[in-house]
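Notes for the one structure printed next.
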Amino acid sequence: MKFRISLAVFTAVAMLLFAFGEVHAQKVMSAGEPATLEIRAAGENSVRVTLMPLSMKGVIPATPLLAEGRSYADPVLRITSISKPVAVNTGNLRVEVTGLPLTVSVSERSGRLIQSLEFSDTGSVSFINDGEPVLGMGEGGPRMSGNWRERAIEFNRVGRYHDMVPRWQANAYGSRNPVAALVGTGGWGLYVAAPWVEVDLSRGAAGNFIPWEPPAERSDSIDGPVTRNMQGRPPIESIIPGFFDIFVFNARNPVVSMKEWSEVTGRAVLPPRGSLGYMQSLRTLVDEDQMLDIVRTFRKKKIPVDAVIYLGTGFCPRGWNTEQPSFDFNPEVFRRDPADVIADLHGMNVKVINHIVPWRRDKLPTIAGNIPPAPGEVVDKSHMLDYWLQHTDLVKAGVDAWWPDEGDWFNLFERVNRHKLYYVGPLYTTPNVRPWSLHRNGHAGIAQWGGWVWSGDTDSAWKTLEGQIAVGINHSLSLSPFWGSDIGGFYPNEELTGELFTRWFQFGAFCPSFRSHGRTWWTRLPWGWGLSEMGPRENRANPLPSELNNPAIEPICRMYSELRYQLMPYTYTLAWEARNTGMPLMRAMWLHYSNDIRTRKIGDQYLWGRNILVAPVYTKGAVSRDVFLPEGLWYDWWTGRAEMGGRIIAREVDLKTMPLYVRAGSIIPMDPVRQYTGEEVTGPMTIRVYTGATGEYTMYSDDGISQEYLNGNYILSKFVWDDGRRILSISHEQFGSYKFKPVELEILFLPSGVTRKVMWDGSRMNINI
């Protein structure tokens, strides 16, 4: 608050001096050089503030951190000197610029101050830290000293200096993929697209962006200390002293600001529907028979699965390929032609995903360029096409998707371009088939290229599971809408039990990426805890053998995997919403309940879309779980019991129960249980209508595989519940060539349990109860 008062007083004094003509025009300066300040609209509720040394001649450098191909209107304000305050309106905002020092204040037209940027002579930029929690800032958090099992979970970013170092992080709650995208729950947002900055939120009422300074010398050795300092940073040649490119968002309505954020960094592309199914990671392979037997077991046990992922050799003793990095199949694993083995896997309706790591810098100096190459591009060993073409024999053999691991030594732009590589490369080889890849590294800008990230090699621990909830929420607010973790944790130890795996599996069923992975990998199979042995041990610490022979785990995993597949129409619609509205699948409670200050600090529960509240259990031996229900009427998913919100309730739990609540007025579509997303099944689609409030829901559908949605080929089905009249109205809109297929619907009204069955041909219908 002191900062606000001093700023107001300073501004008033400056304006008074200007009015009396005692202050002459001063040049706009940056890094000791005359500069130009430009203000332009980024959206109706966001502005782009650009400070450029005159040597840049008004040209803003292109960067992969922003939406590719998006153009901005001319500045609404461009100044190189200032003698008195200047104000302009753009969209719903008012921007005022004052001097001594150069300050840009952004307000609503009503006068409410959103944020103020003060550019100092030292090169830093201060902003208002209003004391409310600040979320986002990418994935993970700073490494802290002490026993990591006892560390506080970092959800609120305030109170700390963030060095913003990208890194792989073992023995922590997730890898670090920092983004200078601050989500102020008091109603503001900031994103520094340039330069790379450290973020100081430790000093009370003023936050600071401090430009990172590259080392004076550069080493060509990827293992050298200078390069480690450069790891994950922007390339040195892209750093322009004195250049700032900062976006300011009005986040009073977070739904609006999330959409404008997505348009700044690039709208998410739709993933293939199957990528939202369950994926099983396999490592330390014996041979092709084992690969096939695992999938046969899924099908025999009727545990739904859509993909199997095979780790590479070197990251486990025996993987799908020869020693990583390698594009060659491992002859010790494949006795037959690998293409025939993959065909057999496809015959059981699973996709095949290969783990792969990049060549080191001596073979792959950079990742740049376009696929196909733009006119004039030189395709050499540093071009992404040259590298992608090394994958094509694997594509011809049947490999469907990729798990690009490592790459920690890539600079910031290369990390984003690596996502682009695994998006445009597959489309170059298999046009009109949606690509999918899972990465450890990322930054804002990756969603337009798929943008799937997992939290890295975490330890199997209850504290880690708790931490993943906050990690996933902040990632989803600021990096991309597609995130997940290794179910069970990567590094096993005695804390890894069937109970911990079950709780993590339940959480994973409500994460965008639903995937089990880790060492001692038999214990990451849904039936692994019922076995009498734990399989290959690659870790010094392992689960206790006494935890095996536990028959309770498998049926619970099956139940949650089945639930994931039943909810696929809802979840797939969330992926469409991520593209269409910028809202992530995992949503901070604050996004939909921003007027309730209690939601700003909640980092251990979240909303799965607009309608389902998820409260993972992360305490060993838990018999209850505190859940905060926002205002309104809520229904327990499992029992149907109604609860009034605006309070914390204690939900009793057993091992099979992860609390889920649905708000009144919600409409939830549910499919029959499928064993894979593309399976043809009989039986109706169930439409759950939670009465007690009026509500509406739009369900998205397309072919789930092709790029035709980009051409406008999809269907929107709209359901409107009028609680007063007790009528459900159904209609649909068909776009492009994607045809509506008649479907049997079973309408289930809750909590009464009244059902209505109808055959819907797509025409408008009213259903009464």
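The values are calculated or read from the model by the stated rules, or taken from the named source; none is laboratory data. Just so you know, these numbers come straight off a predicted model, no measurement behind them. A quick note on method: Cβ atoms are made from the backbone with ideal geometry, for glycine too, and the neighbour counts reach across all protein chains shown. Just the protein is used for accessible areas: all its heavy atoms, side chains included, with ligands, DNA and RNA removed. Shrake-Rupley method; radii C 1.70, N 1.55, O 1.52, S 1.80 Å.
If you take just the strands (runs of 3 or more DSSP E) that sit entirely in the range 675-769, which of them hold at least 3 residues that are without any contact (Cβ under 8 Å) to a residue 60 or more places away in the chain?
In the range 675-769, the matching strands (runs of 3 or more DSSP E) lie at 714-722, 727-735, 754-760, 765-768.
Would it be correct to say that GLY445 is part of a loop (DSSP other than H, G, I, E, B), crowded, with 24+ Cβ neighbours inside 10 Å and at pLDDT below 95?
The answer is no for GLY445.
Being part of a loop (DSSP other than H, G, I, E, B) and surrounded by fewer than 19 Cβ atoms within 10 Å (Cβ to Cβ) is the filter here, so list the residues in the range 382-407 that pass it.
Scanning the range 382-407 gives SER382, GLY398, GLU406, GLY407.
Is it the case that ARG360 is in contact (Cβ under 8 Å) with a residue 60 or more places away in the chain, within 22 Å of GLY312 (Cβ to Cβ) and surrounded by fewer than 17 Cβ atoms within 10 Å (Cβ to Cβ)?
The answer is yes for ARG360.
Please enumerate the residues belonging to the range 479-499 that are under 23 Å from GLU562 (Cβ atoms), more than 18 Å from the chain's Cα centre (by Cα) and open to solvent by less than 10 Å² (accessible area, probe 1.4 Å).
GLY488, GLY498
To keep it simple, each residue is scored yes or no on (1) under 29 Å from SER281 (Cβ atoms); (2) touching a strand residue (DSSP E or B) at 6+ places or on another chain (Cβ under 6 Å).
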{"site": "ARG335", "(1), (2)": "yes, no"}
{"site": "PRO338", "(1), (2)": "yes, yes"}
{"site": "ILE342", "(1), (2)": "yes, yes"}
{"site": "LEU345", "(1), (2)": "yes, yes"}
{"site": "PRO372", "(1), (2)": "no, no"}
{"site": "VAL379", "(1), (2)": "no, no"}
{"site": "GLN390", "(1), (2)": "yes, no"}
{"site": "ASP393", "(1), (2)": "yes, no"}
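Taking only the range 533-544 into account, find how many residues are hydrophobic (A, V, I, L, M, F, W, C) and open to solvent by 20 Å² or more (accessible area, probe 1.4 Å).
Of the residues in the range 533-544, 2 are hydrophobic (A, V, I, L, M, F, W, C) and open to solvent by 20 Å² or more (accessible area, probe 1.4 Å).
What are the residue pairs meeting all of these: first residue in the range 449-469, first residue free of Cβ contacts under 8 Å to residues at least 60 places away in the same chain and more than 30 Å from GLU263 (Cβ to Cβ), second residue open to solvent by 10 Å² or more (accessible area, probe 1.4 Å) and aromatic (Phe, Trp, Tyr), Cβ atoms under 6 Å, and 6 or more apart or on different chains?
Close Cβ pairs satisfying both conditions: none exist.
When you look at ARG598, is it of a type outside the set (Val, Ile, Thr), under 25 Å from GLU577 (Cα atoms), within 27 Å of the chain's Cα centre (by Cα) and open to solvent by 20 Å² or more (accessible area, probe 1.4 Å), yes or no?
No; evaluated as a whole, the condition is false for this residue.
Six or more apart or on different chains, Cβ atoms under 7 Å: show the pairs whose first residue is in the range 258-284 and within 30 Å of CYS316 (Cβ to Cβ) and of a type in the set (D, E, K, R) and whose second is open to solvent by 10 Å² or more (accessible area, probe 1.4 Å) and modelled with pLDDT of 95 or more.
Final answer for the pair search is ARG273/THR677.
How many of the residues in the range 106-116 are at negative phi and surrounded by fewer than 22 Cβ atoms within 10 Å (Cβ to Cβ)?
Here the count works out to 6.
Checking the conditions here, which among LEU93, LEU77, LEU51, LEU66 is within 26 Å of GLY369 (Cβ to Cβ), open to solvent by less than 30 Å² (accessible area, probe 1.4 Å) and at pLDDT 95 or above?
After ruling out the rest, the residue left standing is LEU66.
Within the range 644-674, can you find the residues that are assigned to a strand (DSSP E or B), free of Cβ contacts under 8 Å to residues at least 40 places away in the same chain and open to solvent by less than 30 Å² (accessible area, probe 1.4 Å)?
Passing the criteria: only ILE649.
Can you pull out the residues in the range 408-442 that are assigned to a loop (DSSP other than H, G, I, E, B), of a type in the set (S, T, N, Q) and in contact with a helix residue (DSSP H, G or I) (Cβ under 6 Å, 6 or more places away or on another chain)?
Correct list: ASN441 only.
Within the range 612-627, is there a residue that is open to solvent by 10 Å² or more (accessible area, probe 1.4 Å) and farther than 28 Å from ASN550 by Cα?
No, the range 612-627 has no match at all.
Could you list, in sequence order, the residues of the range 495-521 that are among the aromatic types (Phe, Trp, Tyr) and in a loop (DSSP other than H, G, I, E, B)?
The one that is among the aromatic types (Phe, Trp, Tyr) and in a loop (DSSP other than H, G, I, E, B): PHE510.
Return the pair list, or none, for Cβ contacts closer than 6 Å from residues in the range 136-159 that are assigned to a loop (DSSP other than H, G, I, E, B) to residues that are at pLDDT 70 or above and among the basic types (Lys, Arg), at least 6 apart or on different chains.
GLY140/ARG176
Modelled with pLDDT under 95 and either buried (at least 24 other Cβ atoms within 10 Å of the Cβ) or in contact with an Asp or Glu (Cβ under 6 Å, 6 or more places away or on another chain) (or both): which single residue out of THR458, THR502 fits that description?
THR458
Can you work out which of the residues in the range 505-532 that are of a type outside the set (A, V, I, L, M, F, W, C) and open to solvent by 10 Å² or more (accessible area, probe 1.4 Å) is farthest from ALA552 (Cα to Cα)?
Here the residue is ARG519.
When both residues are 6+ apart or on different chains and their Cβ atoms are under 6 Å apart, which pairs have a first residue that lies in the range 227-246 and is over 21 Å from ARG167 (Cα atoms), and a second that is modelled with pLDDT of 80 or more and not in a strand (DSSP E or B)?
Sorted first by the residue in the range 227-246, then by its partner, the pairs are PRO241/ALA31; GLY242/ALA31.
What do you reckon, is TYR709 buried (at least 20 other Cβ atoms within 10 Å of the Cβ) and farther than 30 Å from ARG558 by Cβ?
yes
Within the range 543-628, which helices (runs of 4 or more DSSP H) (wholly inside it) include 1 or more residues that are farther than 28 Å from PRO271 by Cβ?
553-566
Can you name the strands (runs of 3 or more DSSP E) wholly within the range 270-370 that have at least 2 residues being of a type in the set (Val, Ile, Thr) and closer than 20 Å to ASP393 by Cα?
Because the criterion is at least 2 residues that are of a type in the set (Val, Ile, Thr) and closer than 20 Å to ASP393 by Cα, the strands (runs of 3 or more DSSP E) in the range 270-370 that meet it are 307-310, 351-356.
Could you give me the residue pairs with C-beta distances under 7 Å whose first residue belongs to the range 185-201 and is over 21 Å from SER46 (Cα atoms) and open to solvent by 10 Å² or more (accessible area, probe 1.4 Å), whose second residue is outside any strand (DSSP E or B) and among the charged types (D, E, K, R) wherever it lies, and which are 6+ apart or on separate chains?
GLU198/ASP163
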